[in-house]
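Working notes, beginning with the structure itself.
The values are calculated or read from the model by the stated rules, or taken from the named source; none is laboratory data. Just so you know, these numbers come straight off a predicted model, no measurement behind them. Quick reminder, even Gly has a Cβ in these numbers, built from the backbone with ideal geometry, and neighbours come from all protein chains shown. We work out accessible area using only protein heavy atoms, side chains counted, and drop any ligands, DNA or RNA first. Shrake-Rupley method; radii C 1.70, N 1.55, O 1.52, S 1.80 Å.
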Amino acid sequence: MRPSVLRGAKNGQTAKCDRLSYAGQKWDNLLSMTHDVIVIGVGGMGSAAVYHAARRGCRVLGLEQFDIPHELGSSHGISRIIRLAYAEGPQYVPLLRRSYELWRQLEALSGERLLIITGGIDAGLENSAIVRGVLRSCARFHLPHEVLDARSLNRRFPGYQLTDDIVSVYQADSGFLIPERCIVAHVNAALALGAEVHARERVLSWTAGRRDVSVRTDRGVYRARRLILSAGPWTRTLLPALQNAAIPERQVLIWTQPLVPSRFQPGVFPIFNMEASDGRYYGFPVFSVPGFKFGRFYHLSQRGDADTMDRECHLEDEALLRAGIRKYFPDANGPTMAMKTCIFTFTPDEHFILDLHPDSSCRVAIAAGFSGHGFKFCSVVGEIMTQLVLDGKSAFDLSTFRFSRRAIRGAVR
Ligand SMILES: Cc1cc2nc3c(=O)[nH]c(=O)nc-3n(C[C@H](O)[C@H](O)[C@H](O)COP(=O)(O)OP(=O)(O)OC[C@H]3O[C@@H](n4cnc5c(N)ncnc54)[C@H](O)[C@@H]3O)c2cc1C
């Protein structure tokens with residue numbers, strides 16, 4: 001990483017508009033400051049960042065390469081789990097509390113239902129990371145919960161037919177968000193506050209100097225005081241240093257028609273997150289699509305670039321997912337109703353990156369590497385990104401998410 005001037009470039013090439021080159025100087029002369037904050041990527045995180053920056057009174061510009069919303073990144077597919085007793089670490093719980101609060105505020109602002117509480121199951125072998133992790137969060141924050149063996153769970157929620165070796169923790173605050181509507185609600189709220197948002201405008205490169213940032217797109221050049229980078233699976237294209245620290249991975253979702261529909265409705269079927277002996281699964285009650293939604297974390301472990309990722313769904317994808325449904329949710333094993341691909345972006349330790357860029361004089365904040373569990377945090381991440389670029393620090397403890405932590409340092413080029 002070059003210490004003096006930050007650069008981001010398409011496909012890892014050297015940016016043509018490098019501030020060290022003449023082209024960069026020319027922009028400085030030609031352009032007046034167009035905005036206070038530019039947000040690159042108006043997906044889950046970026047839409048929230050645009051809103052929070054506008055709420056703080058900034059002149060903000062959000063730049064999105066596709067439509068708003070769209071189905072090529074990480075934030076589509078009708079539902080995203082939200083859970084408070086966080087298995088991935090108790091340090092996430094304060095962020096989650098604020099997240100829930102902000103989602104409810106956004107619902108009030110938009111007049112739309114975005115967060116549906118169903119209760120949730122975190123399940124796994126007794127010693128699994130999920131079960132130990134969720135109990136640790138419950139203990140640290142005194143979160144009400146119930147521990148259920150497989151028989152009790154299957155009796156109480158008959159859509160579940162978990163095997164005897166699985167222990168479940170039920171937490172009443174869990175549920176799901178409607179991601180496409182969350183993005184639209186954040187963007188609408190931002191526009192109402194005077195934000196500017198451009199879809200179908202791809203950022204080609206950016207630079208950050210001591211006083212400002214410049215962003216070049218396929219339609220123009222913009223200059224601002226601060227930059228928020230929330231490019232999801234395209235992060236490493238815009239920040240090549242993260243080539244091995246924010247890695248896109250193809251995922252596939254399936255919706256199957258329940259054979260006993262009454263067992264898979266939101267009122268009687270809690271969302272789940274389960275680490276079984278043959279894989280890690282997650283799923284949702286029937287909502288919006290006439291099918292039970294099911295996914296397998298990591299799926300076929302197919303890593304690659306976001307632009308060239310296979311977005312088709314194949315028979316082998318269906319077979320893998322159906323094996324899990326057949327084994328643990330046999331009453332949902334009816335005909336396929338829909339399938340979709342989506343992209344996770346993994347960091348080496350599967351914790352997020354939420355930080356100021358270390359070489360940016362506090363001008364550039366990065367929200368990246370959400371490792372398949374980020375959507376529930378979009379609302380609070382938008383607030384955190386805004387705090388970082390405007391205040392130079394956040395009200396939250398972000399030590400787990402530092403750019404400089406060992407897992408990221410080891411992977412940064
Ligand atoms: C199948 C699946 C299931 C998941 N389930 C859950 C769940 O249940 N609960 C949960 O909390 N999380 C879940 N996640 C994870 C969560 O959805 C992601 O962590 C979150 O959506 C990431 O948001 P993002 O803003 O980083 O990425 P995105 O929403 O993809 O946004 C990035 C945006 O940046 C834009 N962009 C990139 N490059 C450029 C450029 N050069 N110029 C302009 N725009 C650009 C992209 O087009 C995109 O719109 C799941 C993810 C997947 C794929």
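Below are the figures for this structure:
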| read-out | value |
| --- | --- |
| Residues located in the stretch 230-249, provided they are more than 9 Å from the ligand (Cβ to nearest atom) and part of a strand (DSSP E or B) | Ile247, Pro248 |
| Looking only at the stretch 284-300, and only at residues there that are in a loop (DSSP other than H, G, I, E, B) and more than 14 Å from the ligand (Cβ to nearest atom), the one that is nearest to Leu320 (Cα to Cα) | Gly291 |
| Cβ-Cβ under 7 Å pairs, at least 6 apart or on other chains, the stretch 263-286 side within 21 Å of His299 (Cβ to Cβ), far side surrounded by 21 or more Cβ atoms within 10 Å (Cβ to Cβ) and among the acidic types (Asp, Glu) | Asn273/Asp122 |
| Some residue of the stretch 127-144 being aliphatic (A, V, I, L, M) and closer than 30 Å to Tyr51 by Cβ | yes |
| Residue within the stretch 257-276 that is in contact with a Lys or Arg (Cβ under 9 Å, 6 or more places away or on another chain), in a loop (DSSP other than H, G, I, E, B) and open to solvent by less than 40 Å² (accessible area, probe 1.4 Å) present | yes |
| Any hit, the stretch 362-376, residues being surrounded by 24 or more Cβ atoms within 10 Å (Cβ to Cβ) and more than 12 Å from the ligand (Cβ to nearest atom) | yes |
| Restricting the stretch 207-222 to residues that are part of a loop (DSSP other than H, G, I, E, B) and among the charged types (D, E, K, R), the residue that is nearest to the ligand (Cβ to nearest atom) | Asp218 |
| Verdict on Arg210 being surrounded by fewer than 22 Cβ atoms within 10 Å (Cβ to Cβ) and under 21 Å from Ala48 (Cβ atoms) | no |
| Only one of Arg80, Arg136, Arg181 that is within 18 Å of Ser47 (Cβ to Cβ) and touching a Gly at 6+ places or on another chain (Cβ under 9 Å) | Arg80 |
| Test result for Phe352, within 16 Å of the ligand (Cβ to nearest atom), touching a helix residue (DSSP H, G or I) at 6+ places or on another chain (Cβ under 8 Å), open to solvent by less than 10 Å² (accessible area, probe 1.4 Å) and in contact (Cβ under 8 Å) with a residue 24 or more places away in the chain | yes |
| Subset of the stretch 176-206 (residues that are assigned to a helix (DSSP H, G or I), touching a helix residue (DSSP H, G or I) at 6+ places or on another chain (Cβ under 9 Å) and not β-branched (Val, Ile, Thr)) | Pro179, Arg181, Cys182, Ala185, His186, Asn188, Ala189, Ala190, Leu191, Ala192 |
| Strands (runs of 3 or more DSSP E) wholly inside the stretch 313-397 that include at least 3 residues being closer than 17 Å to Ser79 by Cβ | 336-346 |
| Unique match (being buried (at least 18 other Cβ atoms within 10 Å of the Cβ), of a type outside the set (A, V, I, L, M) and either free of Cβ contacts under 8 Å to residues at least 60 places away in the same chain or part of a loop (DSSP other than H, G, I, E, B) (or both)) among Pro69, Pro144 | Pro69 |
| The stretch 94-114 - residue that is crowded, with 19+ Cβ neighbours inside 10 Å and aliphatic (A, V, I, L, M) and, of those, nearest to Cys182 (Cα to Cα) | Leu114 |
| Ile343 over 23 Å from Leu84 (Cβ atoms) and either under 20 Å from the mean Cα position of the chain (by Cα) or open to solvent by 10 Å² or more (accessible area, probe 1.4 Å) (or both) | yes |
